[in-house]
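A.B. asks: Quick one: structure below, then a few questions.
The values are calculated or read from the model by the stated rules, or taken from the named source; none is laboratory data. A quick note: this is a predicted structure, and the numbers were derived from the prediction, not measured. With ideal geometry, Cβ positions are generated from the backbone for all residues, glycine too; neighbour counts draw on all protein chains shown.
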Amino acid sequence: MSKFDERLAVYETALDKMDKNADKDLLRKVAKGLGPSIYNSDANKVACSDKAELQRVVDNLCIKKLGMTDKEKAMDAVQTVCKKYVDRAKHRTVFYYLVVKELGMESHYG
């Protein structure tokens, strides 16, 4: 099993706790889009208590990757995911997946 597949298995397990019918193909695409950061234990996590971190999610995922222009709507989606994803250690891949689903922007990973 490759390192990527090992990481993906961890993300699938975390996501299954919240959604047994999760789109595993979308999760894989989100993980690939994050590149080598998924292997770094610090960069691999999202801290909902850190306002600067949440702004980075809005800027890097919502604005740059998804092409959104409404920063307020993007931040609302990020805040909603923070409330849904209650695990202490929030995997960035799962977090981004949930934000994409919250915004209904799955087609950007097509």
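A.B. asks: I'd like to know if the range 43-52 contains one or more residues that are touching a Cys at 6+ places or on another chain (Cβ under 8 Å) and either surrounded by 13 or more Cβ atoms within 10 Å (Cβ to Cβ) or in a helix (DSSP H, G or I) (or both).
C.D. replies: Step one: list which residues in the range 43-52 are touching a Cys at 6+ places or on another chain (Cβ under 8 Å), which gives 48.
With either surrounded by 13 or more Cβ atoms within 10 Å (Cβ to Cβ) or in a helix (DSSP H, G or I) (or both) added as a condition, the list becomes 48.
Checked the range 43-52: at least one residue is touching a Cys at 6+ places or on another chain (Cβ under 8 Å) and either surrounded by 13 or more Cβ atoms within 10 Å (Cβ to Cβ) or in a helix (DSSP H, G or I) (or both).
A.B. asks: I'd like to know if the range 30-39 contains one or more residues that are modelled with pLDDT of 95 or more and touching a strand residue (DSSP E or B) at 6+ places or on another chain (Cβ under 7 Å).
C.D. replies: no
A.B. asks: ILE38 passes all but one of (1) more than 13 Å from PHE95 (Cα to Cα); (2) in a helix (DSSP H, G or I); (3) among the hydrophobic types (A, V, I, L, M, F, W, C); which number fails?
C.D. replies: If we test ILE38 against (1) more than 13 Å from PHE95 (Cα to Cα); (2) in a helix (DSSP H, G or I); (3) among the hydrophobic types (A, V, I, L, M, F, W, C), just (1) comes out false.
A.B. asks: Let me ask another. State which residue pairs qualify: first residue within 17 Å of ASN60 (Cα to Cα) and inside the range 19-46, second residue hydroxyl-bearing (Ser, Thr, Tyr) and exposed (fewer than 15 other Cβ atoms within 10 Å of the Cβ) in any location, beta carbons under 6 Å apart, and separation of 6 or more residues or different chains.
C.D. replies: ALA43/SER37
A.B. asks: Could you grab me the full set of residues in the range 55-64 that are buried (at least 18 other Cβ atoms within 10 Å of the Cβ) and closer than 15 Å to TYR97 by Cβ?
C.D. replies: So in the range 55-64, the residues buried (at least 18 other Cβ atoms within 10 Å of the Cβ) come out as 57-58, 61-62.
Of everything in the range 55-64, those that are buried (at least 18 other Cβ atoms within 10 Å of the Cβ) and closer than 15 Å to TYR97 by Cβ turn out to be VAL57, LEU61, CYS62.
A.B. asks: Could you check the range 1-29 and list, in sequence order, the residues that are in a loop (DSSP other than H, G, I, E, B) and either surrounded by 17 or more Cβ atoms within 10 Å (Cβ to Cβ) or touching a strand residue (DSSP E or B) at 6+ places or on another chain (Cβ under 7 Å) (or both)?
C.D. replies: Taking the range 1-29 first, the residues in a loop (DSSP other than H, G, I, E, B) are 1-2, 17-23.
Residue satisfying the conditions is ALA22 alone.
A.B. asks: Take the residues in the range 66-110 that are without any contact (Cβ under 8 Å) to a residue 60 or more places away in the chain and touching a His at 6+ places or on another chain (Cβ under 9 Å), then tell me which one is farthest from ALA47 (Cα to Cα).
C.D. replies: To start, the set of residues in the range 66-110 that are without any contact (Cβ under 8 Å) to a residue 60 or more places away in the chain comprises 66-83, 86, 88-90, 92, 95, 99, 102-105, 107-108, 110.
In the following step, the residues that additionally are touching a His at 6+ places or on another chain (Cβ under 9 Å) were identified as 66-67.
Numbers: LEU66: 21, GLY67: 23 Å.
Filtering first and then ranking leaves GLY67.
A.B. asks: Related question: Kindly provide the set of residues from the range 65-102 that are over 12 Å from the mean Cα position of the chain (by Cα), assigned to a helix (DSSP H, G or I), surrounded by fewer than 21 Cβ atoms within 10 Å (Cβ to Cβ) and hydrophobic (A, V, I, L, M, F, W, C), ordered by number.
C.D. replies: Scanning the range 65-102 gives a single hit, MET75.
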